[in-house]
Amino acid sequence: LNLENTVLQELWAVTPGANVGEIRTFLGAFLFSGDEVEQKIGSLSGGEQSRVALAKIVRKPCNLLVLDEPTNHLDIPSCEALEAALNQFDGTIITVSHDRYFMNNLINRLLLIEETEWRLIDGNYASLGQLWTQPSTNGSKRKSKGEDEGRQLEKQTQRAIQKLERRAQEIESEIAKLEEDLEAIDSETENIDSADWQRLGVLTERKQSIQGNIEERYAAWETIDLELKSGAL
């Protein structure tokens with residue numbers, strides 16, 4: 001990325017024939033809108049720069065994308081924006097990822113490599129249950145004991161994943177509600193009489209409390225996200 005370029009200029013560089021409106025619309029899918037596209041790359045946060053880099057990769061004319069852990073260091077909205085953009089990509093995407101959300105929402109074929117064996121599975125991460133019911137590509141069969149152990153392990157893993165995913169969704173809902181409360185407080189603060197110090201004090205204290213709760217929930221969500229992406233379940 002050229003740190004002196006604006007977000008708009010960076011995208012224009014890979015598709016110079018496009019008009020401004022088209023590029024602005026495309027950048028909207030990566031959560032850049034309005035005057036945000038005029039910001040210089042050097043003034044953006046690390047996560048925002050990652051979104052610009054990914055937008056350039058997706059925008060550049062090609063028929064194959066190779067992505068290594070593309071959702072690492074992205075927040076929830078950025079991950080969702082990336083998934084939406086990649087789902088619009090007409091070519092082939094080859095990716096390595098520990099992000100189960102990403103794999104379930106985007107991937108339609110998996111290449112599994114185990115020791116000296118490999119196999120292709122049609123479907124997303126949720127399709128991995130087929131691993132213990134299909135023969136490997138070289139025609140060998142797993143022993144029934146191994147199949148039973150494998151199926152049991154897969155069930156345990158899936159239950160653990162589902163539990164974490166449900167908790168992550170709950171936290172996201174809690175954050176959304178807290179942010180709504182924060183907006184309501186900001187709105188009331190703007191309209192309150194500046195002489196009403198008592199009410200302003202109450203609102204300020206409540207705002208600080210809500211901000212603390214939001215930070216705690218983001219920390220909890222990031223812990224869950226790292227656990228899901230680590231593949232260590």
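The values are calculated or read from the model by the stated rules, or taken from the named source; none is laboratory data. Because the structure is a prediction, the values reported are computed rather than measured. Every residue, glycine among them, receives a Cβ derived from its backbone with ideal geometry; neighbour counts consider all protein chains shown.
Pull up the range 159-206, narrow it to residues that are of a type in the set (Ser, Thr, Tyr) and surrounded by fewer than 12 Cβ atoms within 10 Å (Cβ to Cβ), then point me to the one that is nearest to Arg217 (Cα to Cα). Here the residue is Ser173. Scanning the range 153-189 for residues that are of a type in the set (S, T, N, Q) and either modelled with pLDDT of 90 or more or closer than 17 Å to Tyr101 by Cβ (or both) yields Thr157, Gln158, Gln162, Gln169, Ser173.
Only one entry in Val52, Val37 is under 19 Å from Leu86 (Cα atoms), of a type in the set (A, V, I, L, M, F, W, C), part of a helix (DSSP H, G or I) and under 22 Å from the mean Cα position of the chain (by Cα), namely Val52. Among the residues of the range 210-232, those that are charged (D, E, K, R), surrounded by 15 or more Cβ atoms within 10 Å (Cβ to Cβ) and over 13 Å from the mean Cα position of the chain (by Cα) comprise Arg217, Glu227. For the subset of the range 189-209 comprising residues that are under 33 Å from the mean Cα position of the chain (by Cα) and of a type in the set (D, E, K, R), which member is farthest from Gln158 (Cα to Cα)? Taking the candidates together, the pick is Glu205.
Search the range 40-49 for residues being modelled with pLDDT of 85 or more and not in a loop (DSSP other than H, G, I, E, B), and hand back the single one that is farthest from Asn5 (Cα to Cα). Working first, answer last.
Taking the range 40-49 and keeping what is modelled with pLDDT of 85 or more, we get 40-44, 49.
Restricting the remaining residues to those that are not in a loop (DSSP other than H, G, I, E, B) gives 40-43, 49.
On the way: Lys40: 5, Ile41: 6, Gly42: 8, Ser43: 10, Gln49: 12 Å.
Here the answer is Gln49.
Conditions tested, residue by residue: (1) in contact with a Phe, Trp or Tyr (Cβ under 6 Å, 6 or more places away or on another chain); (2) surrounded by 12 or more Cβ atoms within 10 Å (Cβ to Cβ); (3) closer than 27 Å to Ile175 by Cα.
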position: Ala18; (1), (2), (3): no, yes, no
position: Arg24; (1), (2), (3): no, yes, no
position: Gln49; (1), (2), (3): no, yes, yes
position: Ala81; (1), (2), (3): yes, yes, yes
